[in-house]
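Below is one structure, written out as structure tokens; the observations come after it.
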Amino acid sequence: MLEEGDKKPISLGFYVNYFDLPLKVLWNRVFVDQILCFLLSDVAVAPGSADRVANGDGTPGDEQAENQEDDDKGGAVKFGWVKGVLVRCMLNIWGVMLFIRLSWIVGEAGIGLGVIIIGLSVVVTTLTGISMSAICTNGVVRGGGAYYLISRSLGPEFGGSIGLIFAFANAVAVAMYVVGFAETVVDLLKESDSMMVDPTNDIRIIGSITVVILLGISVAGMEWEAKAQVILLIILLIAIANFFIGTVIPSNNEKRSKGFFNYQASIFAENFGPSFTKGEGFFSVFAIFFPAATGILAGANISGDLEDPQDAIPRGTMLAIFITTVAYIGVAICVGACVVRDATGNMNDTIISGINCNGSAACGLGYDFSRCRGEPCQYGLMNNFQVMSMVSGFGPLITAGIFSATLSSALASLVSAPKVFQALCKDNIYKALQFFAKGYGKNNEPLRGYILTFVIAMAFILIAELNTIAPIISNFFLASYALINFSCFHASYAKSPGWRPAYGIYNMWVSLFGAVLCCAVMFVINWWAAVITYVIEFFLYIYVTYKKPDVNWGSSTQALSYVSALDNALELTTVEDHVKNFRPQCIVLTGGPMTRPALLDITHAFTKNSGLCICCEVFVGPRKLCVKEMNSGMAKKQAWLIKNKIKAFYAAVAADCFRDGVRSLLQASGLGRMKPNTLVIGYKKNWRKAPLTEIENYVGIIHDAFDFEIGVVIVRISQGFDISQVLQVQDELEKLEQERLALEATIKDNECEEGSRGIRGLFKKAGKLTITKPTPKKDSSINTIRSMHVGEFNQKLVEASNQFKKKQGKGTIDVWWLFDDGGLTLLIPYILTLRKKWKDCKLRIYVGGKINRIEEEKIAMASLLSKFRIKFADIHIIGDINVKPNKESWKVFEEMIEPYRLHESCKDLTTAEKLKRETPWKITDAELEAVKEKSYRQVRLNELLQEHSRAANLIVLSLPVARKGSISDWLYMAWLEILTKNLPPVLLVRGNHKNVLTFYS
């Protein structure tokens, strides 16, 4: 980038020389930089970005931190624990069940079992509340309620699946509560003979009008909705108080005939035990009551609108559970002590003197309801759902309480569903739903979510078939409770140091019990609804897992994966290695993994899902600079591997020289039994022009690997592996384009008309930046094939780098097994044939032998391969492998090594000794003569390879080993060059002479 006032053009260095780019590119780059410097003062950093990273929520589309900061500045409405949590939870838990079903439950189950049913329900909600409190106090809680808690604890897979069905359940719950309200209104219309159309359509009309009014309250803002909730709670409390007052008001004859006698010990004793009618039992009654205990997430669902969610959610939720539990048990005991199970409602059914009461409480109090045993009666706990209205001091207040309970629950669900859904959409778990992430106003209201919830609620109100879907909705809520409990257990079990909730009243095994209990209750309520819930959740879990959203929330799933991996790694150390379990575990010297993709691809082909693969890079130079460069690129390069679905690790070291760095990697890489046993390197194609130290390092690395008992694989392809120059050019040109687009966006936002016009005029010129196809220089060795929008590059090199990504057609993998290295030369090609991309390639085995025993040796080799259970297409015994090569081939080899020979025999002794001291790396005549047979063999092998394997898809060949100190580095490189020259891709393999194949099962 140019400094202010700098007029010198930025040098593209290598890129200009590489492609001979026209001066137009240079001018445009300078022009872009100058404009960027000029506009820097107009560019502001988006607020809240640092907070988002610090909180671990730096996810695509997540604007929560920015919105939160804007809310603080704009005076957003935030609620405390009473208004935000306690009031909402109490209103949701005190539902219609309190007024019209609790008396029936006491009649069926009796006071004793009725209290147990309430207690069992409260156990589920209390355990869930404790788990939720622990999770809430383990860090900052943002908007999203149950979805946020589960997703940040268990990860996006669980959170994304439960979040969607939880939001949908709340949306449908709006319809359920509104229909409950509408049914009560229709019953009142029936009594006054004021029906509009018919009962079903009247419910639809009243329900639709009610939803529209509730939507208006919600859209008006959270402050108005909160005020409405407070008013509804006051009405509800008055209704409950009205009932308790009514129980002590002396009963009249009409109420006695309907079964109400005030508090009587005889009635309490009679109603204490169960009296289940036909088809009912403990679990069926429990299934009917349990939905009344839900609603504990009403406060958590608006966590984004709370002043201090960490304090408000635990305090408000637990207190709401306690208060509502006391109310439910109080009502159950009171109604059970005041009202008999069956009553006729006939004031003339009094006791005639001389009748035997047989222990009947009503009989003892002067009424004869015995005919209810033979025919159905309309009154009493078992028959009349309006018992609370009858008992209360003023009946219409109970009706108002029913209205309050239904409307408050509907309003809470109407607010909860969009809030949860908005949080889910902001996290971009389901990309198609991103539209609903946008918020409006100072409270970031999810208006789009409100409209969607309204549409869903209206649809189910108009369908009016809620009895079928009600059990599924209840199970959706229970699934959320189960996962909240499991989240608490999982976080504790993972033993992550980051799990340290301020709320200490929890236990991981109690949370696990709570999760199991929730799952059991799901089946108790309705087994088929539970199955449907699990199927839907499983499908969504698989979908999110497949999509792999780009988020990292530090979930307990990650923590447990680490603990499991650590335990398994330690467990492996207690078991000795066995030949049957051998697998290639490779260190691949790729440098940056993206710079040598072909080398990585071929290695990954035989390590994927079976062995360890570590991409290694050595940074050579001043330690401080190298370490800085190394650390800055670690995450990026590992991310590249993940993005390209390569199952490998990236490791890097800083060293004074390349060989020292590789030594460190060979010794220190891996963990326990998961240590590398094979070194994979690319063939050094430029060895003739390379400095002496590079050749010494390259050959030295091979010797070092054998010293550490590590096998070696050298891979050669015709074009070479390194595409770093191409990548650099692409990156540079992409940066130019990005800068141009960034400047264009900045200029569009510039409100200064005069400056805007001037800059836009100039910018249009910069926008015409194009890369034209240059005319190559005559002496250029670079062959550019075609022009692309990001620049020109060597197309052949790029195609070669992708050759192992493609599916290999029908062909062969030719294995030249010339040395017994333990079997690695056979094992690697066999593993390749198991891969999808190589499965159409057949193995052809070539081994050396005697001309007069070719058939016998072929049979013996076939038998050996059969015992190894390695399938092959053909076996070739090469009898003339030790024959001298032809003169032309040998001449090529001699010309190859000529620049590196000492020719001491042609010089006098003094001169020869001097040359040896000055150039000890050169090939002496004595050395060349001593290994002449080996040199003949390499040249001859190339002739045989040209003859037999020129059309193979891949050649796997035993790597010749140079004895350390006996063969010079240049001669060894010449062997490798002549051996693999003008051939298809070649793998030169040499194991560490430890057996990797076995006959035994």
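The values are calculated or read from the model by the stated rules, or taken from the named source; none is laboratory data. The model shown is predicted, which means the values in this text are computed figures rather than measured ones. A quick note on method: Cβ atoms are made from the backbone with ideal geometry, for glycine too, and the neighbour counts reach across all protein chains shown.
Worth pointing out:
- The residues on offer are Q558, Q585, and the sole one that is surrounded by 13 or more Cβ atoms within 10 Å (Cβ to Cβ), more than 30 Å from R142 (Cα to Cα) and of a type in the set (S, T, N, Q) is Q585.
- Condition check for P418: farther than 30 Å from I249 by Cα, buried (at least 17 other Cβ atoms within 10 Å of the Cβ), under 28 Å from the mean Cα position of the chain (by Cα) and assigned by TED's automatic domain parsing to the domain that holds D342: yes
- Filter pass, A912 being surrounded by 12 or more Cβ atoms within 10 Å (Cβ to Cβ) and part of a helix (DSSP H, G or I): yes
- Considering residues of region 956-1001 that are assigned to a helix (DSSP H, G or I) and not hydrophobic (A, V, I, L, M, F, W, C) only, the residue surrounded by the most Cβ atoms within 10 Å (Cβ to Cβ): T980
- The residue that is nearest to T678 (Cα to Cα), counting only those in region 578-621 that are small (G, A, S) and assigned to a helix (DSSP H, G or I), is A605.
- Against the criterion of being farther than 20 Å from G711 by Cα, of a type outside the set (D, E, K, R), in a helix (DSSP H, G or I) and touching a residue at least 24 places away in the same chain (Cβ under 8 Å), A952 does not qualify.
- Exactly one residue out of A862, A873 is under 23 Å from K580 (Cα atoms) and either surrounded by fewer than 12 Cβ atoms within 10 Å (Cβ to Cβ) or among the small types (G, A, S) (or both): that is A862.
- Candidates are the residues of region 807-854 that are closer than 16 Å to T603 by Cβ and among the basic types (K, R); the one that is surrounded by the fewest Cβ atoms within 10 Å (Cβ to Cβ) is K837.
- From the list A293, A327, the lone residue that is more than 30 Å from G163 (Cα to Cα), surrounded by 15 or more Cβ atoms within 10 Å (Cβ to Cβ) and under 44 Å from the mean Cα position of the chain (by Cα) is A327.
- Looking only at residues of region 508-545 that are among the polar types (S, T, N, Q) and at pLDDT below 90, we find that the one that is nearest to the chain's Cα centre (by Cα) is T545.
- D925 among the charged types (D, E, K, R) and exposed (fewer than 14 other Cβ atoms within 10 Å of the Cβ): no
- Any hit, region 111-132, residues being closer than 30 Å to D550 by Cβ and at pLDDT below 85: no
- Residue within region 657-676 that is among the aliphatic types (A, V, I, L, M), surrounded by fewer than 16 Cβ atoms within 10 Å (Cβ to Cβ) and either over 30 Å from L570 (Cα atoms) or at pLDDT 90 or above (or both) present: yes
- Which numbered condition K624 fails, given (1) part of a helix (DSSP H, G or I); (2) closer than 22 Å to M973 by Cβ; (3) not aromatic (F, W, Y): (2)
- Condition check for I461: surrounded by fewer than 17 Cβ atoms within 10 Å (Cβ to Cβ), touching a residue at least 24 places away in the same chain (Cβ under 8 Å), of a type in the set (V, I, T) and over 22 Å from F290 (Cα atoms): no
- Helices (runs of 4 or more DSSP H) wholly inside region 309-415 containing at least 3 residues that are assigned by TED's automatic domain parsing to the domain that holds L91 and within 28 Å of A146 (Cα to Cα): 309-338
- Residue within region 532-547 that is part of a loop (DSSP other than H, G, I, E, B) and either more than 28 Å from V680 (Cβ to Cβ) or small (G, A, S) (or both) present: no
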